[in-house]
1. Restricting to the range 28-54, give me the number of residues that are modelled with pLDDT under 95 and open to solvent by 90 Å² or more (accessible area, probe 1.4 Å).
2. Restrict the check to the range 11-27 and report whether at least one residue is modelled with pLDDT of 85 or more and hydroxyl-bearing (Ser, Thr, Tyr).
3. Does any residue in the range 27-47 that is acidic (Asp, Glu) come within less than 6 Å, Cβ to Cβ, of a residue that is open to solvent by 40 Å² or more (accessible area, probe 1.4 Å) and not in a helix (DSSP H, G or I) six or more places away or on a different chain, and which pairs are these?
Amino acid sequence: MEKDIVTRLREFMDNEAKSCSMDFGCITPEYVYRMWGGSVRLEEIEEAMKEVKA
């Protein structure tokens, strides 16, 4: 998995939390997939999320 996806996911999650639209526990891989317009495979997002949460 590319580190860029993990970095991008971390930034996305931070921005969502800062904007008060969601906290980390409410952000799902499906939500990220939809917000990114399907530009990253759902499986890659799921793997990146595991790394971010670790």
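The values are calculated or read from the model by the stated rules, or taken from the named source; none is laboratory data. Since the model is a prediction, treat every value here as computed from it, not as a measurement. Reconstructed Cβ throughout: ideal geometry from the backbone, glycine too, with neighbour counts over all protein chains shown. Protein only, heavy atoms only, side chains kept; ligands, DNA and RNA dropped before computing areas. Shrake-Rupley method; radii C 1.70, N 1.55, O 1.52, S 1.80 Å.
1. Summing the residues that are modelled with pLDDT under 95 and open to solvent by 90 Å² or more (accessible area, probe 1.4 Å) in the range 28-54 gives 4.
2. Within the range 11-27, not a single residue is modelled with pLDDT of 85 or more and hydroxyl-bearing (Ser, Thr, Tyr).
3. What qualifies is GLU47/MET1.
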